[in-house]
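Here's the structure, in structure tokens; my notes come after.
The values are calculated or read from the model by the stated rules, or taken from the named source; none is laboratory data. A quick note: this is a predicted structure, and the numbers were derived from the prediction, not measured. Every residue, glycine among them, receives a Cβ derived from its backbone with ideal geometry; neighbour counts consider all protein chains shown.
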Amino acid sequence: MLAAAAADSSLRLDASGVDYALIALYFVFVLGIGYMARRAISNSLDFFLSGRSLPAWITGIAFISANLGAIEIMGMSANGAQYGMPTVHYFWVGAIPAMLFLGVVMMPFYYGSKVRSVPEFMLRRFGPPAHLVNAISFAVAQILIAGINLFLLATIVNVMLGWPIPVSVVVAAVIVLSYITLGGLSAAIYNEVLQFFVIVAALLPLTLLALHRVGGWQGLSERISDPEQMTAWPGNELAGFDSSILSVIGIVFGLGFVLSFGYWTTNFVEVQRAMASKSMNASRRTPIIGAFPKMFVPFIVIIPGMIAAVIVPELRQGKADGTADYNNALLYLINDLLPTGMLGVAITGLLASFMAGMAANVSAFNTVFSYDIWQDYIVKDRPDGYYLGVGRIMTVVATVGAIGTAFIASQYSNLMDYLQQLFSFFNAPLFATFILGMFWKRMTPTAGWVGLVAGTATAVTVAFLSEDAFGSFSVGVLPLSGQGVSFVGAGAAFVVDILVSYFVTLATRPKPESQLVGLVYSLTPKESFHDPRDDRESWYQRPTLLAGIALAMVIVLNFMFG
Amino acid sequence: MSADKTSTGGREAGQRSGAFDVRIVIGVLLGIYGIVLVVTGLVDTSEAELAKSDGMNINLWAGAGMVVAALVFIVWARLRPLLIPVDYARDEPESGPPTH
């Protein structure tokens with residue numbers, strides 16, 4: 001530790017042979033699964049069939065694992081280091097209620113109306129213009145988020161091998177490209193479940209060790225100078241408001257309602273995990289079962305971040321004088337505490353999640369670009385092989401694009417600020433349009449796309465007028481900073497989207513009701529929500545009961561740590 | 001309903017899914033990790049390493065934990081093997097209420 005502190009590039013993971021062997025073993029497993037999946041073409045049906053017959057706990061874990069990426073692990077531990085316990089709102093307010101809402105209210109609708117993806121819903125409900133706007137904004141968001149994953153991956157390469165960040169970014173991009181090409185995606189759901197357990201195996205011992213080091217929860221409380229950081233509410237510092245009341249409103253409405261409902265109920269990747277389930281109730285249970293592990297994830301990401309902020313000399317110093325780079329909080333802690341062996345497991349967990357996360361972004365971009373944009377609007381009616389070729393080229397284009405956006409990500413000292421900003425631009429308006437279109441049959445196709453554009457423009461404007469969301473480009477007219485910008489931006493985008501959609505609807509022509517059956521709540525017969533395959537299920541498998549238990553648990557957690 | 005199909009076909013499908021059963025994959029990976037960590041924890045007990053992890057032999061303890069978790073996954077997969085339903089409508093009874 002003395003040596004590490006003396007060196008001027010203070011952070012350097014000293015992995016040895018055993019560590020590298022453990023890392024290599026993981027990738028042998030991942031590539032092995034991909035290889036088996038690909039080789040057994042006649043078996044591939046079995047392979048995916050068995051995937052669909054998996055118990056709901058597996059699809060539930062895949063559901064949250066698709067989200068437990070680099071951003072969540074590094075971002076939430078960084079957030080924990082900076083803001084302390086209020087970070088749990090991203091889980092207990094910002095995720096669980098929305099996941100339960102998805103399972104209880106929206107899933108019957110999604111599953112019953114046979115819409116498979118969000119762009120597909122847009123196309124059928126509002127027609128091509130809304131579909132195109134949605135597809136483009138989704139594609140842009142994926143490239144920006146892929147940049148965050150790539151930047152984090154490059155950070156690992158940097159601290160392991162000591163290469164400069166720009167070189168590491170390019171090397172990491174090449175690694176991810178080959179990972180995608182070698183078929184790492186063919187068995188996505190298996191890798192996600194595997195990855196979840198490797199991450200737990202890495203972070204749980206780290207958390208226990210770190211708690212041991214600071215003398216337990218009590219010891220941590222004594223060493224954190226600001227008592228507000230030890231309780232979740234009211235979270236003024238996180239929201240960036242001086243008033244506690246505004247802070248609670250900002251967290252509940254901005255984060256808890258618009259941002260999180262927007263994210264969890266319209267996100268392509270997550271919703272599709274649930275869509276692939278075997279029956280109506282299984283699809284409803286997927287996000288609900290995912291909620292149970294999800295509510296305990298903060299303990300192994302936020303608490304290590306908080307401990308890092310008090311025991312890592314660089315962060316303690318930086319927190320005192322306001323110069324800390326929190327994004328590396330977890331890496332510092334790993335470096336300071338873990339010996340050879342556990343170090344390898346920890347690096348594996350991080351690498352796995354960054355690569356899988358970026359691979360998922362790139363492939364989602366591919367799909368939407370090749371089929372929803374290129375095939376529908378640019379070059380139509382070519383054989384399927386042509387679009388596969390476009391997809392391959394787009395993989396390279398997306399990776400190069402991510403190298404560019406990685407440098408944008410590197411400008412933020414807390415990546416969560418940046419990520420929430422992106423969600424306020426893209427997800428909040430989408431949620432408004434989506435929910436209005438689902439429940440209001442008169443809403444017109446023109447209102448669909450105009451609302452989306454107006455909502456996104458509003459959130460971007462809020463970020464531009466804030467103090468720091470765009471760095472030096474923000475003009476500082478609005479007294480907002482930190483994650484409060486994205487809470488306010490998301491709220492404003494939501495309200496503007498609703499208002500604009502309302503007034504545009506009054507002035508334009510609605511679609512005939514016959515075309516909206518199965519897409520709008522009031523025009524969809526309730527019987528289509530019933531699935532005869534669920535008749536044999538036990539009482540304890542009822543989604544609403546499970547959701548009630550999850551909700552009760554999360555309320556108890558809020559009181560325990562509030 | 002699965003009995004309609006020839007039993008060999010059904011069993012083959014079951015075995016195939018056994019190799020792909022994610023619980024086995026998790027179990028084997030965690031098991032190897034656990035054994036490597038336990039061995040590392042037993043062999044490498046230098047003062048420097050122990051001091052780093054605050055006097056706790058974290059490799060040994062975490063390794064033991066992973067071995068236990070691996071056994072749980074493998075035993076579970078053995079006791080409740082995963083069968084591929086031949087008919088989609090017939091769904092596999094789930095393995096009890098979610099544990100967490």
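Each row is one residue, and each column tells you yes or no for (1) over 22 Å from B:ASN57 (Cα atoms); (2) of a type in the set (Phe, Trp, Tyr); (3) over 23 Å from the mean Cα position of the chain (by Cα); (4) modelled with pLDDT of 80 or more.
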| residue | (1), (2), (3), (4) |
| --- | --- |
| A:GLN317 | yes, no, yes, no |
| A:ALA320 | yes, no, yes, no |
| A:THR323 | yes, no, yes, no |
| A:TYR332 | no, yes, yes, yes |
| A:LEU337 | no, no, yes, yes |
| A:THR340 | no, no, yes, yes |
| A:LEU343 | no, no, yes, yes |
| A:ILE347 | no, no, no, yes |
| A:ALA352 | yes, no, no, yes |
**Complete:** With the first residue restricted to the range B:39-57 and required to be within 7 Å of chain A (Cβ to nearest Cβ), and the second required to be of a type in the set (A, V, I, L, M, F, W, C) and outside any helix (DSSP H, G or I), Cβ contacts under 9 Å at 6 or more apart or on different chains are B:LYS52/A:MET1; B:LYS52/A:LEU338; B:SER53/A:LEU338
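Residue-wise test of (1) modelled with pLDDT under 60; (2) at the interface with chain B (Cβ under 9 Å from one of its Cβ atoms); (3) in contact with a helix residue (DSSP H, G or I) (Cβ under 6 Å, 6 or more places away or on another chain).
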position	(1), (2), (3)
A:TYR35	no, no, no
A:ALA40	yes, yes, no
A:LEU49	yes, yes, no
A:SER53	yes, yes, no
A:ALA56	no, yes, yes
A:ALA66	no, no, yes
A:MET74	no, no, yes
A:ASN79	no, no, yes
**Item:** Matching residues, the range A:182-232, being at pLDDT 80 or above and not in a helix (DSSP H, G or I)
**Value:** A:GLY215
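Out of A:PRO298, A:PRO313, A:PRO339, report the one residue that is within 14 Å of chain B (Cβ to nearest Cβ) and in contact with a helix residue (DSSP H, G or I) (Cβ under 9 Å, 6 or more places away or on another chain). Explain how you work it out, then say what you get.
Values: A:PRO298 fails: within 14 Å of chain B (Cβ to nearest Cβ); A:PRO313 fails: within 14 Å of chain B (Cβ to nearest Cβ).
The match here is A:PRO339.
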**Item:** the range A:14-28, residues that are at pLDDT below 85 and of a type in the set (Ser, Thr, Tyr)
**Value:** A:SER16
**Asked** Here are A:PHE494, A:PHE503, A:PHE529: which of them is of a type outside the set (S, T, N, Q) and at pLDDT below 80?
**Response** A:PHE529
**Long-range neighbours under 6 Å by Cβ, at least six apart or interchain, first residue at pLDDT below 85 within the range A:141-168, second basic (Lys, Arg)** = A:VAL159/A:ARG12
**Scan of the range B:25-38 for residues that are more than 7 Å from every other protein chain (Cβ to nearest Cβ) and surrounded by fewer than 20 Cβ atoms within 10 Å (Cβ to Cβ), ordered by number** = B:VAL28, B:GLY31, B:ILE35
**Message:** Which pairs turn up if I take residues in the range A:23-38 that are within 16 Å of B:VAL22 (Cβ to Cβ) and look for partners that are among the acidic types (Asp, Glu) and modelled with pLDDT under 75 with beta carbon separation below 9 Å, at least 6 apart in sequence or on another chain?
**Reply:** none
**Complete:** B:GLY55 passes all but one of the listed conditions (1) of a type in the set (Gly, Ala, Ser); (2) modelled with pLDDT of 90 or more; (3) assigned to a loop (DSSP other than H, G, I, E, B); the exception is number (2)
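Yes or no: A:GLY385 on the phi < 0 side of the Ramachandran plot, out of contact with any Gly (no Cβ under 8 Å at 6 or more places or on another chain) and assigned to a helix (DSSP H, G or I)? Outline the logic, then answer.
Values: on the phi < 0 side of the Ramachandran plot: yes; out of contact with any Gly (no Cβ under 8 Å at 6 or more places or on another chain): yes; assigned to a helix (DSSP H, G or I): yes.
The answer is yes for A:GLY385.
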